[in-house]
Every structure is written in C-alpha cells, then in structure tokens.
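Any read-out appearing in this document is the output of simple, stated calculations on the displayed coordinates, not a laboratory observation. Everything quoted here is computed from the prediction, not taken from an experiment. FYI the Cβ positions are ideal-geometry reconstructions off the backbone, even for glycines, and counts take in every protein chain you see.
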Amino acid sequence: MTISITDDTVTDVVNSSAVGVRARLWRLHPTDVREIAITASAEILRLEAIRVAAVDTLTLNPDEQVLCYRGTGQWLANHTMLQIPAGRRIAALGKALRSFPEIEDQFDSGDLTFEHAALIVAFCESPPKGMPDAALPYCRDTLLAAASGVEATTVKLRYAISVLEHMFESDDVPPNEDTDRNELRISATLNGRVAIRGDFDGVTGEMLLSALSNLSMPTPATDGTPDKRSAATRNADAMAELIRRYLDNAATGIDGGQRPHLNVHINAKDLAYHRECAAAAGATTSDGSTPGPSEDDDPGMLDLDIPDLDKQDLDVGHMPWMGPLSIGRTRMIACDCMLGTVLLDENGAPLDVTPLKRLVTAAQRTALIARDKGCAFPGCDCVPAWTDAHHIKHWAKGGPTVMDNLVLLCRTHHTLMHRKPGFTGQWEIRIGTDHLPWFIPPPGIDPDQKPRRSTTRR
C-alpha cells in the first residue's frame, strides 16, 4: 500500500533530516518520490548559489577568523567536510562571477549548475584570441542557453564551447603551437594517490612522447613471456622512471632552500629494526614470523634511546608533499637511499645545532621540516617547500637563530605575522616545554585563548 502526499509533504521531506528518510520514502508512490528528488535537486542548486555568494562576501570582507587561513576557500574546507581544492573552486567562482552579472543571475536563479557556471566563466575570462570584444555577449548568451534547462549536459556545453573556439580561432598561432594554452593539473586524491591532467602544445608533446617512448616499450620477461602491462601502465612506469633519472642527475633548481628530491621522514627505531631490507623481505623464523634484531646484529648500528611509539607514530614514513607512506614502502626506499639523521629529544623536537646564525642553515631547515612538516599555523596544509623559517622573537630584537626561536610558516601566514593590521601581535607563538610551536589565538577568536597546534599533517 502506498500513500499519496501533498506539496507541503514534499517540502517537509526535503527540509527535514535525512535520518530515517528511506523508511519514509518506501511508503510513498514512485511519482511522489520523483517529485522529492527533483525538488531536492533544485534546493541543492539554490543552496550552492547561497554558499558561493557567502564565501565571496567573506573574501571581500574577511574577519580575523577567515584571515587565519590561506584564502577563504581553505577556511571553508577547514570548517566543513569539503576538501581544500573544492573550497578554493567555490571561492574562485564567486570572485569570477563579479565580472559577469548575467552568468551570476542565471546561477543564482537555479538554472545553472556550479560546473556549468565555472565552464562559462572560464570561456569568458579567456576567450579565443581571434574573437572580437563585441562578440563576447553573443557567445556568453549562447553558452547560457546551452547550459540551461533539464536537458543541458556538460558534454553539450563543452561541444558549444568547442564550436565557438573554432569559429573565432586566431590565424596568428595555430592551436598546436599555442603555448599559452598549456596546462598541467596535479592534485592529491583522497586515497593518497596523485591525479594528473595536462594539455600541451605539439612541440612539448613531441618532447614528452620522445622521452617516454623508449621507457614505455613493452618489455618481455626473461622467459619470453609478453609484457602484460597495459599501455597506460607502461606510460605511468615510464614517467616515474623519467622523473627518477631527472632527480638523480640533480639538474634542478632550489626548492625552499633545498634541491627537490624525495624526502621521507622515518622513526630511526623502525628503520634500524628493518635495515636489512633485502634479507628481511624473504626471511622468516620457524613459526613464520619475521625475525627481529639479535645480539649478533651489525655492531656499527646507531644506538639511539628512542621512546616507544605512540599512535601518532603509526604512519611510519612521512613525505612532505603527500603525507603518510606505508611501512613497507618506506623500508624499501631506505634500502637504497642517502640517509640523513636528525636527532630528536623525547618529545620529538630536534636538538639544536649551529646557533647564532642570521640565516637558517640547511641543517636547521631539515630539522624544522622534520618537526613542523610544513606551515605550523593551525589548519594550514602548506608543504615545506613553500614555507619560510620565521623568527618567533624577531632577529632585529635580539632573537637568535636557534630551533626554539624558529617555526615554519607559509608566505601567507609569515606575511600576516609581520604586516597584516589587526593580525600582527594578536596571534602569539610560543615554544612549549615539549620544544614544539604552539599558537595562542586572540580573544576575538577564542576568549579562553587556548594554545593550539597544526594537526593537518600529523
């Protein structure tokens, strides 16, 4: 038996909590459920427009809460379940819509999705080089028409954009030679991997394909068995090998005070325990377990008094860019690497060396990265390569260049600490008894001024 519902009931279902909603929907007629789905979709578009407008308003008029973050998009991500890239896209669209009120009106009316609005804005911000300024309103209205209504799809909209780009294609530079169109998007995924999407001119593409060609060829096994890898897998393996060879040759610039290479931080206790990587991979005891260290172990092994690991040490390997690395992968890398050590105290803070220097030395920066793992400001996810070493007590006021007076801050937070009116002097940084940096917020953010640390990368 099904129950028919009224428009008021549809609104009630859409506006109520989703807890237990499935049981309610099962009692309704499919026609009514369809109406609820359509109404909920329209409500999502309405709320999306409100969120974009609210975020853009905060971008134009931020308070001290928002100023603590590297942009309004990051603030939004840190206070919702959104990922930082999604928060930044919302902030970027809000900013872009200021210049295109016609697109904004259709988006606010619920007749344009977020994705479609972003595509149309991107076209209008960077129109084809051969398109005269007078044609922009026509193209904009054409794309708005293609993106409106229930029959609009992203495929149709992209096709309309392609047609307009072809119509107004410039004769000056052919598309396959236009380096201004080159793009390479690299983003970390939720499962700890990296997604890459690129668009290059013909010359760059030729260089890339030439570099990958020999490395991506099918390689039969020693017994003559054909290579079972797909073309995509071979290309990925070739890219990894190409990057590895590039970094091995050290033909790089300076990246945050160091040459860019693969940095992995690991607890010395774990690395020492599993230093015999090649042997340990296949060695087992009579009960099937992997043998541990014994009295006959290498006498040259570094004997460190390191406390037992707690829960925060379970992600044994840590990469500055990508974060946690599995124990097995870290041990494999440690089998064939240049091993540098940073001596830590019982709290995990690096012991100080080379004091009284105006500029932070490479050794001190390595120690700061091991301690802070990036920008230490609460909620910031900036990687070490994009950070500065900040003197907590300024050098000009007698602050020494020692570990207990240094902290890694991204350029945004470093600038805020030094220059931003209403921010400078309100946030206080202190090194605790654990020799780790703690941030004390102003009363406007936390009346209790409870010290806090960044937990983004820990």
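Fully extending the segment from H166 to N182, taken as 0.36 nm per residue of separation minus the present Cα-Cα distance, adds 4.0 nm.
Order of 220-229, 431-440, 73-82, 18-27 by packing, highest average Cβ count within 10 Å first?
73-82, 431-440, 18-27, 220-229
Please tell me which of these pairs span more than 28 angstrom C-alpha to C-alpha: K95/K450; K95/K373; K373/K450?
Beyond 28 Å between Cα atoms: K95/K450; K95/K373.
Applying the criteria of a DSSP loop state and at most 16 other Cβ atoms within 10 Å to the chymotrypsin sites (Phe, Trp or Tyr not before Pro) of segment 125-197 yields F168.
If R0 is taken as 30 Å, the Cβ-Cβ distance between D448 and R51 corresponds to a FRET efficiency of 0.50. The simple spin-label model puts a point 7 Å past each Cα toward its Cβ; for A221 and D133 those points are separated by 6.7 nm.
Once you have the Kirkwood Rh of segment 6-113 from its Cα pairs, apply Stokes-Einstein at 4 °C and 1.567 mPa s and quote D in µm²/s. Approximately 82 µm²/s, per Stokes-Einstein.
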